[in-house]
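Down below is the structure, laid out as structure tokens.
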Amino acid sequence: MSTSFHPLTILDVRQETDDAISVTLEPAPELSSDFSFRPGQHLTFRADIDGEDVRRNYSICVPPGGPLKVGIKRIVGGRFSTWATRSLKPGGTLDAMTPRGHFTWTFEAGEARTYLCFAGGSGITPILSLIETGLATEANSRFTLLYGNRTSSSIMFLEELASLKDRFMDRLQVYHFLDAEADDVDLFNGRLDEQRIARVLSSLVDPKGIDVAFICGPGAMMDNAERAMLDAGMPQQQVLVERFTADRPAAADEEIDRSVAALAEGLGMQITIDGRRRLVPFHAETGSILESAQQAGLPAPFACKAGVCATCRARLVAGEVRMKVNYGLSAEEVAQGYVLTCQSVPLGEGVALDYDA
Ligand code: FES
């Protein structure tokens, strides 16, 4: 999988809410097939902000087939989102890697499935792509969207959702939950927390009738929604969760991570990237194989450095590593030997990793 960045032309920038924009982008014609994507996948962007190489992932919010479009919400203290919401202009360019990600589903014409989507804030972006693709592909399938926001003015893609509802009136249900505004119906007032999700599943939506659940939003909402769907008896592979960030590890885990890294100090690792193999030492103070490789001058790919995006994925071809957390790789990828190098530390001599595999 290519780890290089390509400049995409910015076709349009639209203010979606006070603090969120959508950006429509187009690759050079010779790269259009490389930038084809599956619904729910994301792009990794790179920008030089005050001399620092800053990278972030943003989900594509449209169905495959047209230009790329992402939603970017400014978060307090967020370097990339603050820069992007102020600086991106039509006619400019934005560097991106080709689309990737596992938060996707194969929709099949002829299927009649029932999908339940949990979205919070900008977590709507990949879910919008999945809903639109699913409704258009599976003429007999239904979607229910439970969408949490602070206020009605902070809801992203309200127009798109309204037009989808018009097009697919009988097959799409949208319920908004607002923390800071009161509706006549108490159920819709407040966060999608454990109690509210339980109330929804006992009154609005029968979890027994759900075939697939898509979940993307704040960490606590995702944990609660995932647990509720699994408790309702859904198989894990039909409950898809997309995380943008990871919680900070507990202090005890950080202590273990530091000890493991200290023991690995100086271990040699064979690293293959862009067809070249190099022997690189592990340095405990970097904390990860990724950063040791970067310190040695290798162009090892990354974005979140938090175990979420899988941009730093490499295949472990020899030896053993300890991966601190993994929110980005599927069980299948782990079984195939892939690791997140931003989270990995070698556990002995003889570690060999291949970023090109
Ligand atoms: S850089 Fe995102 S998981 Fe490693």
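The values are calculated or read from the model by the stated rules, or taken from the named source; none is laboratory data. In this text, all values refer to a predicted model and were calculated from it rather than measured experimentally. We place every Cβ from the backbone using ideal geometry, glycine too, and count neighbours over all the protein chains shown. Areas reflect the complete protein model, heavy atoms only, side chains present, ligands, DNA and RNA absent. Shrake-Rupley method; radii C 1.70, N 1.55, O 1.52, S 1.80 Å.
Descriptive notes on the structure:
- Between Glu16, Glu52, Glu26, the distinction of being of a type in the set (Asp, Glu), within 16 Å of the ligand (Cβ to nearest atom) and not assigned by TED's automatic domain parsing to the domain that holds Gly275 belongs to Glu52 only.
- Wholly within the stretch 232-328, strands (runs of 3 or more DSSP E) carrying at least 2 residues that are more than 16 Å from the ligand (Cβ to nearest atom): 239-242, 268-273, 276-281, 313-318
- Selection of first residues in the stretch 293-312 that are assigned by TED's automatic domain parsing to the domain that holds Phe282 and at positive phi and of second residues that are in a loop (DSSP other than H, G, I, E, B) and more than 6 Å from the ligand (Cβ to nearest atom), restricted to Cβ pairs under 6 Å at least 6 apart or on distinct chains, gives the following pairs, ordered by first then second residue: Gly307/Ala246; Gly307/Val325; Gly307/Asn326; Gly307/Tyr327; Ala310/Leu329.
- Every condition in (1) without any contact (Cβ under 8 Å) to a residue 12 or more places away in the chain; (2) assigned to a strand (DSSP E or B); (3) open to solvent by less than 70 Å² (accessible area, probe 1.4 Å) holds for Gly66 except the one numbered (2).
- Close contacts from the stretch 103-116, counting a first residue that is on the phi > 0 side of the Ramachandran plot and a second that is surrounded by fewer than 19 Cβ atoms within 10 Å (Cβ to Cβ), with Cβ to Cβ under 7 Å and a gap of 6+ residues or different chains, come to none at all.
Here is a yes/no grid of residues against (1) over 22 Å from Lys208 (Cα atoms); (2) out of contact with any strand residue (DSSP E or B) (no Cβ under 6 Å at 6 or more places or on another chain); (3) open to solvent by 20 Å² or more (accessible area, probe 1.4 Å); (4) not assigned by TED's automatic domain parsing to the domain that holds Leu25:
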{"position": "Gly92", "(1), (2), (3), (4)": "yes, no, yes, no"}
{"position": "Thr125", "(1), (2), (3), (4)": "yes, no, no, yes"}
{"position": "Ala139", "(1), (2), (3), (4)": "no, yes, yes, yes"}
{"position": "Tyr147", "(1), (2), (3), (4)": "no, no, no, yes"}
{"position": "Ile155", "(1), (2), (3), (4)": "yes, no, no, yes"}
{"position": "Glu159", "(1), (2), (3), (4)": "yes, yes, yes, yes"}
{"position": "Arg167", "(1), (2), (3), (4)": "yes, yes, yes, yes"}
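- Matching entry among Ala213, Ala225 (being in the same structural domain as Leu135 (by TED's automatic domain parsing), within 22 Å of Ile131 (Cβ to Cβ) and part of a strand (DSSP E or B)): Ala213
- Lys89 vs. criteria touching a Cys at 6+ places or on another chain (Cβ under 6 Å), closer than 18 Å to Leu11 by Cα and of a type outside the set (Ser, Thr, Tyr): no
- Any pair with Cβ under 6 angstrom, 6 or more apart, that starts in the stretch 257-282 at a residue that is at pLDDT 95 or above and surrounded by 12 or more Cβ atoms within 10 Å (Cβ to Cβ) and ends at one that is part of a strand (DSSP E or B) and of a type in the set (Asp, Glu): Thr272/Asp354
- Close contacts from the stretch 328-347, counting a first residue that is closer than 23 Å to Arg258 by Cβ and a second that is near the ligand (Cβ under 8 Å from one of its atoms) and outside any loop (DSSP other than H, G, I, E, B), with Cβ to Cβ under 8 Å and a gap of 6+ residues or different chains, come to Gly328/Arg313; Gly328/Leu340; Val339/Arg313; Leu340/Arg313; Thr341/Leu290; Thr341/Arg313; Cys342/Leu290; Ser344/Leu290.
- Candidate set: the stretch 329-357, residues that are among the polar types (S, T, N, Q) and surrounded by fewer than 19 Cβ atoms within 10 Å (Cβ to Cβ); chosen: the one farthest from the ligand (Cβ to nearest atom): Gln336
- Members of the stretch 2-33 found to be assigned to a loop (DSSP other than H, G, I, E, B) and touching a residue at least 40 places away in the same chain (Cβ under 8 Å), listed by number: Ser2, Thr3, Ser4, Phe5, Asp18, Asp19, Pro27
- Which numbered condition Asn224 misses (of (1) open to solvent by less than 60 Å² (accessible area, probe 1.4 Å); (2) of a type outside the set (D, E, K, R); (3) free of Cβ contacts under 8 Å to residues at least 40 places away in the same chain; (4) within 16 Å of the ligand (Cβ to nearest atom)): (4)
- Options Leu187, Leu192, Leu204, Leu178; residue that is under 13 Å from Leu116 (Cα atoms) and of a type in the set (A, V, I, L, M, F, W, C): Leu204
- Options Arg74, Arg56: the member that is basic (Lys, Arg), surrounded by 14 or more Cβ atoms within 10 Å (Cβ to Cβ) and either in contact with a Phe, Trp or Tyr (Cβ under 9 Å, 6 or more places away or on another chain) or over 21 Å from Phe157 (Cβ atoms) (or both): Arg56
- So Thr82, is it buried (at least 19 other Cβ atoms within 10 Å of the Cβ), polar (S, T, N, Q) and not in a loop (DSSP other than H, G, I, E, B): no
- Qualifying residue in the stretch 185-195 (condition: open to solvent by 30 Å² or more (accessible area, probe 1.4 Å) and of a type in the set (Phe, Trp, Tyr)): yes
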